[in-house]
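A short write-up of the structure that comes next.
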Amino acid sequence: MMILDNLKCDLSVPQLEEILIRRLENYFFIEDAEKDIIRKYHYDVLQKVKSCFLKVENKYFIKEGEPYFSYVHSGQYLIYLYFFSNLLAKLDHPLKEKFYYLNKIMHGVDIYCDVELPAVFFFEHPIGMILGRAIYGENFFAMQGCTVGGNKGVYPVIGTNVKMFSNSKIIGDSTIGDNVCVAANTYIKDTNIPSNSMVFGQSPTLIIKGL
């Protein structure tokens, strides 16, 4: 097991780069200049991974007290690919599209590279998840089939410590407070949800209970 700046990895950094490039080459043409970009910014991405994993409350993300990254843990690899795609989006490098697409192919999620997820987030069984260009607070959590999207060009604002359970949706001009649990199969559209609450049902007849 390799240790990089307090991040435990099951491969060395060159091995992580090699398997990443191979996975990209399975689907896309990857030029030498693009491989150089991957190597140049790999350390920055691993730093983001470490910072995220340190605060994820899941036993598989910590080993012997240190954040742990395995290239065969799909939930961890999803986060790794997202951080790569988002960093490349900030650089406006066309390689960002290949990372976005690879994440979609490998993990069945649609999180475009320009979507700004927080520094700390965690997904459980995220197949079928679609996350649009909302504002996301820290410690965002979502499960399979969740959707965050716009309505007439307006996207949600989501507070800190928000949890979306399976097949829930937050759409349009919705502001979700801090410490909110969105119950499974809940549909929120153009509705504000107060902090410290749990929400059930379908807009416009939602049920909101205090935590």
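Any read-out appearing in this document is the output of simple, stated calculations on the displayed coordinates, not a laboratory observation. Everything quoted here is computed from the prediction, not taken from an experiment. No Cβ is skipped: glycine too gets one built from the backbone with ideal geometry, and neighbour counts run over all protein chains shown.
So what's the angle, to the nearest 10 degrees on a 0 to 90 scale, between helix 95-107 and the longest Cα principal axis of the chain?
70
Assuming 0.36 nm per residue, please report the length gained on full extension of the stretch Y43 to E64 beyond their Cα-Cα distance.
5.4 nm
Between I207 and D110, 0.36 nm times their residue separation minus their Cα-Cα distance comes to what? Could you put the intermediate results ahead of the total?
Working: separation 97, 0.36 × 97 = 34.92 nm, distance 2.86 nm.
Stretched fully, the I207-D110 segment lengthens by 32.1 nm.
Using the C-alpha atoms of the chain, what convex hull volume per residue, in cubic angstrom, is computed? Don't skip to the answer; put the middle values down first.
Working: hull volume 22.9 nm³, N = 211.
Hull volume normalised by residue count: 109 Å³.
Looking at the chain, send over the antiparallel percent of its DSSP beta bridges, to the nearest 5.
Working: 12 of 41 bridges.
Given both bridge residues lie in the chain, the antiparallel proportion sits at roughly 30 percent.
Quick check: the angle from helix 74-90's long axis to the longest principal axis of the chain, C-alpha only, nearest 10 degrees?
80
Can you sort L54, L7, L81 so the residue with the fewest Cβ neighbours within 10 Å comes first? Write out the running numbers ahead of the final one.
Numbers: L54 14, L7 19, L81 25.
Ranking L54, L7, L81 by Cβ neighbours within 10 Å, fewest first, gives L54, L7, L81.
Calculate the spin-label point distance for N6 paired with E18, positioning each point 7 Å from the Cα along the beta-carbon direction, and give it in nanometres.
It works out to 3.0 nm between the two label points.
So how do S195, S12 line up by other beta-carbon neighbours within 10 Å, fewest first? The partial results should precede the final answer.
Numbers: S195 15, S12 12.
Fewest-to-most ranking of S195, S12: S12, S195.
Tell me the trypsin sites (Lys or Arg not before Pro) within region 115-211 that lie in a loop according to DSSP and have at most 11 other beta-carbon atoms within 10 Å. Could the numbers behind the result be given before it?
On the way: sites: R133, K152, K163, K169, K189, K209; in loops: R133, K152.
Filter output for region 115-211: K152.
Would you please state which residues of region 180-195 a label at V154 would reach in this model, taking the label point 7 Å out along Cα→Cβ and a backbone N cut-off of under 15 Å?
Within reach of a label on V154: 188-193.
Let me know the whole percent of all Cα-Cα pairs from region 2-108 that are separated by more than 23 Å.
Numbers: 1276 of 5671 pairs.
In whole percent, the long-distance tail amounts to 23.
Net charge within 11 Å of K63 by Cβ-Cβ distance, Lys/Arg positive one each and Asp/Glu negative one each, not counting K63 itself?
Values: positive: K8, K59; negative: D10, E64, E66.
Net local charge, K63 excluded: -1.
Please state the shape class of region 121-210: rounded when a/c is under 1.5, otherwise prolate if a/b exceeds b/c and oblate if not, all from the C-alpha gyration tensor. Can you show the working numbers first?
Details: a/c = 1.22, a/b = 1.09, b/c = 1.12.
Taking the square roots of the gyration eigenvalues as a ≥ b ≥ c, region 121-210 is rounded.
What FRET efficiency comes out for S51 versus Y71 if R0 is 22 angstrom and r is the Cβ-Cβ distance? Round to the nearest 0.05.
0.75
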